[in-house]
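Asks: Please read through the structure below; I'll follow up with questions.
The values are calculated or read from the model by the stated rules, or taken from the named source; none is laboratory data. Since the structure is predicted, the reported quantities are computational estimates derived from the model, not experimental observations. Every residue, glycine as well, gets a Cβ built from its backbone with ideal geometry; the counts of neighbours run over all protein chains shown.
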Ligand code: N01
């Protein structure tokens with residue numbers, strides 16, 4: 001494959017996380033030559049990086065947060081707990097890499113520093129941090145929806161001389177909190193998983209909270225051998241159910257409005273779900289919690305009452321009460337988070353009334369005082385959904401960069417393709433259900449669709465495909481239309497880009513996973529309606545591979 005200083009492939013895949021790993025497997029099955037690049041030293045993506053204490057699957061969890069493409073894989077892998085810890089998910093992904101011999105086509109420790117479309121050749125050229133160059137007809141961006149760490153720019157933060165860690169870039173060596181005064185910024189999923197773990201060891205934990213959050217009991221428990229056996233026996237039916245479900249999990253879609261029930265009936269359901277715990281809380285809820293303000297308030301009030309009940313100190317409890325529409329920020333699963341505030345070694349600073357002014361070498365200074373600290377944990381999240389694509393910043397037709405193209409809006413069609421960037425595909429990009437869907441299954445389904453389009457191109461002697469600007473605009477309107485019928489866009493969140501200063505602010509994910517997969521299948525069936533194709537510039541048989 002190496003001709004001079006440039007290597008030729010059919011496809012370059014960027015990222016060896018859950019999506020990139022599947023992309024590699026699928027493309028190989030199609031008989032294509034593939035090179036995968038990843039900056040990390042092994043597979044896993046998000047699961048490789050996010051090793052902070054308490055990191056666990058905080059979605060519907062095992063055994064259904066997994067690939068579905070291989071019956072054998074399902075049959076042979078045992079999951080121990082419903083909310084698998086990070087090391088268990090990584091062990092599973094390592095098993096997948098071994099079983100399908102993925103690593104031989106992955107170049108680790110390698111960042112793609114430039115990806116550029118060569119219009120005459122109808123190919124992409126990529127340049128890497130290790131000095132390599134590769135050319136490919138197709139590029140798949142499996143760069144992760146939650147992988148570009150958001151590090152807040154707070155005065156003096158770089159002067160802080162103690163240990164400082166971001167949850168999404170956690171060290172591989174053990175971190176000890178023993179006897180230390182630790183400040184944690186951030187109370188999203190990562191912060192809420194980390195804080196109780198740190199508090200168990202540290203001398204003192206100061207939680208610096210900007211937005212109080214609704215968090216729900218994780219309900220983590222062992223998966224019994226009978227449950228695993230059941231899942232295996234009924235795998236085909238469960239997989240079918242996953243395909244039909246809104247979020248890609250084997251659950252029934254809910255159709256009942258919260259307002260059909262009396263307040264007592266609602267309370268009883270919320271209590272039952274709260275006691276059971278787990279992400280199924282949201283999947284077994286009423287259908288209109290994220291749509292109807294009154295329905296939403298009924299659940300928000302329920303959770304606020306729970307926080308008041310759990311947290312002993314009423315002043316602290318009051319600071320912990322969220323005031324946005326429940327579920328309109330990513331729902332969080334917790335394990336002893338609110339109870340942590342009953343410990344003597346934990347204090348809460350409400351940054352809305354007492355903001356951070358600066359860091360010194362040894363402390364964080366807020367408006368009302370100075371907090372001496374030995375360690376700072378940044379649980380401040382990610383430049384989500386679009387951030388990793390922008391970090392890659394491919395250059396499309398005419399050398400136009402993605403940063404230019406996405407200056408005001410993340411233009412795309414089907415969440416998979418971008419006008420002006422022929423033959424480049426995204427997995428879990430803006431405009432797709434991405435983070436609103438079971439991500440391994442979503443990666444399989446998106447990659448399957450992309451693979452079919454590649455086959456279509458090669459079968460028809462076509463050299464390039466990209467969406468028309470009309471289809472991008474119509475898709476953007478469809479995504480916005482669905483989102484605007486809900487309460488989601490009315491809350492500042494990483495879903496709306498509000499966590500990153502200067503980022504275009506709007507809700508960019510396609511809500512309604514199963515509908516999305518039907519939509520993209522229908523478009524393929526209509527000869528890829530909305531796409532513009534270009535004949536191959538190469539003489540027949542001259543395709544490099
Ligand atoms: O990030 P987040 P995360 N000053 O953006 C605060 C997935 N996940 O890493 O809410 C002060 O949710 C910010 O405040 P605010 C999951 O989908 C999965 O926790 O913006 N505070 C917020 O409290 C999740 O939703 C798993 O006002 C600042 C926090 O930092 C997603 O990843 C585990 C600040 C960031 O919360 C992201 O979760 C963990 C500033 N300058 C996460 N900047 C598993 O399944 C930010 N904040 C294992």
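Asks: Out of all the residues in region 183-205, which are more than 15 Å from residue 165 (Cβ to Cβ) and in contact (Cβ under 8 Å) with a residue 24 or more places away in the chain?
Replies: Residues satisfying the conditions are 187, 188, 189, 192, 196, 199, 203, 204.
Asks: While we're on this one: If you scan region 332-362, which residues turn out to be outside any strand (DSSP E or B), crowded, with 19+ Cβ neighbours inside 10 Å and either at pLDDT below 95 or more than 13 Å from the ligand (Cβ to nearest atom) (or both)?
Replies: 338, 340, 341
Asks: Scan 97, 115, 120, 145 and give me the residue that is part of a strand (DSSP E or B) and either surrounded by fewer than 17 Cβ atoms within 10 Å (Cβ to Cβ) or in contact (Cβ under 8 Å) with a residue 40 or more places away in the chain (or both).
Replies: Selected residue: 115, the only one of 97, 115, 120, 145 that is part of a strand (DSSP E or B) and either surrounded by fewer than 17 Cβ atoms within 10 Å (Cβ to Cβ) or in contact (Cβ under 8 Å) with a residue 40 or more places away in the chain (or both).
Asks: Can you confirm whether residue 382 is within 12 Å of the ligand (Cβ to nearest atom), surrounded by 15 or more Cβ atoms within 10 Å (Cβ to Cβ) and modelled with pLDDT of 95 or more?
Replies: yes
Results for (1) more than 16 Å from the ligand (Cβ to nearest atom); (2) at negative phi, shown as yes or no for each residue.
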position: 399; (1), (2): yes, no
position: 422; (1), (2): yes, yes
position: 435; (1), (2): no, yes
position: 443; (1), (2): no, yes
position: 449; (1), (2): yes, yes
position: 456; (1), (2): yes, yes
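Asks: Among the listed residues 154, 192, identify the single one that is at pLDDT 95 or above, assigned to a helix (DSSP H, G or I) and within 11 Å of the ligand (Cβ to nearest atom).
Replies: That would be 192, the only listed residue that is at pLDDT 95 or above, assigned to a helix (DSSP H, G or I) and within 11 Å of the ligand (Cβ to nearest atom).
Asks: For the subset of region 165-189 comprising residues that are away from the ligand (no atom under 16 Å from the Cβ) and outside any loop (DSSP other than H, G, I, E, B), which member is farthest from residue 379 (Cα to Cα)?
Replies: Step by step, filter region 165-189, then rank; the result is 178.
Asks: Restricting the first residue to region 373-384 and requiring it to be under 18 Å from residue 196 (Cβ atoms) and assigned to a strand (DSSP E or B), which pairs with a second residue that is within 6 Å of the ligand (Cβ to nearest atom) and at pLDDT 95 or above meet a Cβ separation below 6 Å and a spacing of at least six or different chains?
Replies: Here the result reads 378/185, each pair linking region 373-384 to a residue that is within 6 Å of the ligand (Cβ to nearest atom) and at pLDDT 95 or above.
Asks: With (1) surrounded by 15 or more Cβ atoms within 10 Å (Cβ to Cβ); (2) in a helix (DSSP H, G or I) as the list, and residue 474 as the residue in question, which single condition is left unmet?
Replies: Unmet condition: (1).
Asks: Something else about it: Determine, yes or no, whether residue 61 is surrounded by 23 or more Cβ atoms within 10 Å (Cβ to Cβ), out of contact with any strand residue (DSSP E or B) (no Cβ under 7 Å at 6 or more places or on another chain) and on the phi > 0 side of the Ramachandran plot.
Replies: Taking the combined requirement at face value, the residue satisfies it.
Asks: Go through region 310-331 residue by residue and tally those that are touching a strand residue (DSSP E or B) at 6+ places or on another chain (Cβ under 6 Å) and within 16 Å of the ligand (Cβ to nearest atom).
Replies: Number of matching residues: 1.
Asks: Which numbered condition in (1) in a helix (DSSP H, G or I); (2) crowded, with 17+ Cβ neighbours inside 10 Å; (3) in contact with a strand residue (DSSP E or B) (Cβ under 7 Å, 6 or more places away or on another chain) is the only one that residue 274 fails?
Replies: Of (1) in a helix (DSSP H, G or I); (2) crowded, with 17+ Cβ neighbours inside 10 Å; (3) in contact with a strand residue (DSSP E or B) (Cβ under 7 Å, 6 or more places away or on another chain), only one is false for residue 274: (2).
Asks: Being within 11 Å of the ligand (Cβ to nearest atom), outside any loop (DSSP other than H, G, I, E, B) and either modelled with pLDDT of 95 or more or within 24 Å of the chain's Cα centre (by Cα) (or both): is that true of residue 365 here?
Replies: no
Asks: May I pose another question? Would region 511-518 turn up any residue that is within 27 Å of residue 380 (Cα to Cα), outside any helix (DSSP H, G or I) and within 16 Å of the ligand (Cβ to nearest atom)?
Replies: Within region 511-518, one or more residues are within 27 Å of residue 380 (Cα to Cα), outside any helix (DSSP H, G or I) and within 16 Å of the ligand (Cβ to nearest atom).
Asks: Just a yes or no: is a residue in region 15-22 more than 16 Å from the ligand (Cβ to nearest atom), touching a strand residue (DSSP E or B) at 6+ places or on another chain (Cβ under 9 Å), part of a loop (DSSP other than H, G, I, E, B) and at pLDDT 95 or above?
Replies: Yes, some residue in region 15-22 is more than 16 Å from the ligand (Cβ to nearest atom), touching a strand residue (DSSP E or B) at 6+ places or on another chain (Cβ under 9 Å), part of a loop (DSSP other than H, G, I, E, B) and at pLDDT 95 or above.
Asks: Continuing with this model, one more query. Counting only residues that are more than 16 Å from the ligand (Cβ to nearest atom), touching a strand residue (DSSP E or B) at 6+ places or on another chain (Cβ under 8 Å) and closer than 26 Å to residue 378 by Cβ, how many does region 36-58 have?
Replies: 2
Asks: Which one of these is closer than 22 Å to residue 85 by Cα, crowded, with 18+ Cβ neighbours inside 10 Å and away from the ligand (no atom under 11 Å from the Cβ): 229, 202, 136?
Replies: Within the list 229, 202, 136, the selection yields 202.
Asks: Just give me the residues in region 205-226 being in a strand (DSSP E or B) and either crowded, with 16+ Cβ neighbours inside 10 Å or within 16 Å of the ligand (Cβ to nearest atom) (or both), in sequence order.
Replies: 205, 206, 207, 208, 209, 215, 216, 217
Asks: Could I ask something else about it? Report, by residue number, each residue of region 30-51 that is closer than 18 Å to residue 145 by Cβ, part of a loop (DSSP other than H, G, I, E, B) and touching a helix residue (DSSP H, G or I) at 6+ places or on another chain (Cβ under 9 Å).
Replies: Correct list: 38, 40, 43, 44, 45, 50.
Asks: Here is a list of conditions, (1) farther than 23 Å from residue 311 by Cβ; (2) surrounded by 15 or more Cβ atoms within 10 Å (Cβ to Cβ); (3) at pLDDT below 95, and residue 253 meets all of them except one; can you say which number that is?
Replies: (2)
Asks: Something else: When region 64-80 is examined, which residues are found to be crowded, with 17+ Cβ neighbours inside 10 Å and not in a loop (DSSP other than H, G, I, E, B)?
Replies: Result: 74, single match.
Asks: Can I ask one more? Assess whether residue 127 counts as being closer than 30 Å to residue 360 by Cα, surrounded by 15 or more Cβ atoms within 10 Å (Cβ to Cβ) and away from the ligand (no atom under 16 Å from the Cβ).
Replies: Considered against the rule, which asks whether it is closer than 30 Å to residue 360 by Cα, surrounded by 15 or more Cβ atoms within 10 Å (Cβ to Cβ) and away from the ligand (no atom under 16 Å from the Cβ), residue 127 comes out as no.
Asks: Please tell me if residue 91 is within 21 Å of the chain's Cα centre (by Cα), surrounded by 14 or more Cβ atoms within 10 Å (Cβ to Cβ), under 20 Å from residue 46 (Cβ atoms) and away from the ligand (no atom under 16 Å from the Cβ).
Replies: Answer is no for this residue.
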